[in-house]
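The values are calculated or read from the model by the stated rules, or taken from the named source; none is laboratory data. Everything numeric here is computed off the predicted structure, so don't read it as measured data. Every residue, glycine as well, gets a Cβ built from its backbone with ideal geometry; the counts of neighbours run over all protein chains shown. Heavy atoms of the whole protein, side chains included, go into the accessibility calculation; ligands, DNA and RNA do not. Shrake-Rupley method; radii C 1.70, N 1.55, O 1.52, S 1.80 Å.
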Amino acid sequence: LVIDLIADAARNAELCASYVVPGAAWRPFHRAPFARDAGTLDFATTACVWQAIGEDWNDVDLHCSLERPSLGVEPPVLGDDELRTRKRPDSVTVEAREQEQQTTGLGALEVPGIDDGGLGLRLSAGRVSVRADGAPHRVLVGSFSTTAQVTLLAIPLRSTAVHVRARFANTGTPPLLAGPVDLIMASGHVGRGEIGFVAPKETCYLGFGPDSELRVHRSETRERDDAGLLGSWNAQTVRVAVRLSNLGTQKRE
């Protein structure tokens, strides 16, 4: 980069050059440490940053922006999105275009494109260092602590497990961007979930996996009473039994 500076007289000058380079990207990646007994949740938003521009970022002031400078200032041209129906004997098939999902490169995990709700956010990560190795690096860009309402949810028809679900509100100033969430409890990392765009003060849900102390068992029996020679109705009796076991020492609802 060559800059020619012309001045009328000798003086000190400070220059700031801005430029856009390919090979750098980021996606939101959240962490949710959850204290179930206390009913508190510490939510942290990290930026998963990877870059391969040819030089390391050493102790730089990093900002993660949702602007799209490479798209220019002209609005995109909207094309026709046609939907066609084709009748079949017993069904109707609707044809539509497919939307490709953007991935982070972290295994087979799929995350949607960054949804900022049209706000054009700019999140600051402070002073960080990111190597130009193309590998993902996670830096903190926001966090908040809030209370969570714990609910135990069971679907006996599908599973014998009873799942822990936390309902909480976004008490932070910026919205929460759509992306994966690392689920953390007292025992450590328990899994990975996903959230959509969550506005400030809006509530959302996160599932933290099954409760190891609870079990639910469902059994079903069917008895069929066929109609006789003079009858016209067939009767079927279905008996469903659901047993719930609590192997722990605390009461659960």
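Structure notes:
- Evaluation of A186 against (1) within 30 Å of L123 (Cα to Cα); (2) without any contact (Cβ under 8 Å) to a residue 24 or more places away in the chain (one fails), failing number: (2)
- Tally, over region 4-43, of residues that are over 30 Å from L183 (Cα atoms) and in contact with a Pro (Cβ under 7 Å, 6 or more places away or on another chain): 1
- Residue count for region 153-172 under the criterion of being touching a Leu at 6+ places or on another chain (Cβ under 7 Å), open to solvent by less than 50 Å² (accessible area, probe 1.4 Å) and more than 25 Å from A199 (Cα to Cα): the result is 1.
- Test: residue in region 38-57 that is open to solvent by less than 40 Å² (accessible area, probe 1.4 Å) and more than 19 Å from L140 (Cα to Cα): yes
- Failed condition for K251, given (1) among the charged types (D, E, K, R); (2) loosely packed, with under 10 Cβ neighbours inside 10 Å; (3) not in a loop (DSSP other than H, G, I, E, B): (3)
- Considering residues of region 1-37 that are over 18 Å from the mean Cα position of the chain (by Cα) and within 30 Å of R165 (Cβ to Cβ) only, the residue surrounded by the most Cβ atoms within 10 Å (Cβ to Cβ): R36
- Flag if E67 is in contact (Cβ under 8 Å) with a residue 24 or more places away in the chain and either acidic (D, E) or surrounded by fewer than 10 Cβ atoms within 10 Å (Cβ to Cβ) (or both): yes
- Lone unmet requirement of (1) in a loop (DSSP other than H, G, I, E, B); (2) in contact with a strand residue (DSSP E or B) (Cβ under 8 Å, 6 or more places away or on another chain); (3) more than 26 Å from I114 (Cα to Cα) for S212: (2)
- Complete set of residues in region 232-243 that are open to solvent by less than 70 Å² (accessible area, probe 1.4 Å) and either part of a loop (DSSP other than H, G, I, E, B) or not polar (S, T, N, Q) (or both): A235, V238, A241
Residues checked against (1) open to solvent by 40 Å² or more (accessible area, probe 1.4 Å); (2) over 30 Å from C48 (Cα atoms):
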site	(1), (2)
S187	yes, no
R192	yes, no
P200	yes, no
F208	no, no
T221	yes, yes
R224	yes, yes
L230	yes, yes
S245	yes, yes
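- Qualifying residues in region 173-185 (those that are assigned to a loop (DSSP other than H, G, I, E, B) and touching a Ser or Thr at 6+ places or on another chain (Cβ under 9 Å)) - the one most open to solvent (accessible area, probe 1.4 Å): P174
- Being in contact with a Phe, Trp or Tyr (Cβ under 8 Å, 6 or more places away or on another chain), more than 30 Å from V164 (Cα to Cα), at pLDDT 90 or above and not in a loop (DSSP other than H, G, I, E, B) is true of V49.
- Close pairs from region 158-175: first over 26 Å from E253 (Cβ atoms), partner charged (D, E, K, R) and modelled with pLDDT under 90, Cβ under 8 Å, at least 6 apart: P175/D116
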